[in-house]
Amino acid sequence: MPPTPVALLCLGLHLSLRTSIQSEVLSRPIIQARPSFMVPKGQSVTLWCWGTREAEEYRLHFEGGVAALKRPKPPGLLDKVKFLIPTMTSSTAGQYHCFYRRGELWSEPSSSLDLVVTGMYDTPTLSVQPRPEVALGDNVTFFCHLATATSTFFLLKEGRSSRPQRSLGSTQAEFPVGPVTVAHQGTYRCFGSYNNHAWSFPSNPVMLLVTGGAGNSSLAPTDPADSPGMWRHF
């Protein structure tokens, strides 16, 4: 018996709805570490995953595998969940992503979060040449030295928006900077490392002052997000 027009209509609506659901793409979530992506060995860190209020479940991935699942409580009111890492070690340092689910659909993964454990090796020393106070347009070089041989060094300027610079070396690495602007002014520290996620203790702080330009540039803030708070836990 051939299908009736009503049955064909229902089948068409079902296929259309299914195709619409399959073609829908959820927005990417956002993943962040608080208070910082750098965590001293033995301390805790919270990973936040921001999705949407319609999200029914969140999934945290660590190094490509599922690390944890969590449902927002109460459902429908919050657009984020948190995943607590109570004790930071070299085993919990690495690359994280998060996802969320709405109905049968899972979102695309968030951007990657590289979580770093610090305090794994000796303390390096940091210096800057030719001097820590320079004029606009000058060039400087930071030198990071570690008594114990390593393979990689990182230089980081204080501030939430700062990103570490990477340089290879055995016991010392150089970080050329310049021509400098007021944005380069601030406090710097360096780290030694054998991989991207296990770093030494932070070095001594080195303050770079930039003079010249309009007014007294040496007193101008370099970044609204710069704050010594990110180093408070080391």
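Brief remarks on what is shown
- Only one of 167, 127, 151 that is at pLDDT below 95, small (Gly, Ala, Ser), closer than 20 Å to residue 208 by Cβ and in contact with a strand residue (DSSP E or B) (Cβ under 7 Å, 6 or more places away or on another chain): 167
- So residue 116, is it within 30 Å of residue 57 (Cα to Cα), outside any loop (DSSP other than H, G, I, E, B), open to solvent by less than 10 Å² (accessible area, probe 1.4 Å) and touching a Ser or Thr at 6+ places or on another chain (Cβ under 9 Å): yes
The values are calculated or read from the model by the stated rules, or taken from the named source; none is laboratory data. Please read these numbers as outputs of a predicted model, since none were measured by experiment. No Cβ is skipped: glycine too gets one built from the backbone with ideal geometry, and neighbour counts run over all protein chains shown. For the accessible areas, the whole protein counts, side chains as well, though only heavy atoms, and no ligand, DNA or RNA atoms are used. Shrake-Rupley method; radii C 1.70, N 1.55, O 1.52, S 1.80 Å.
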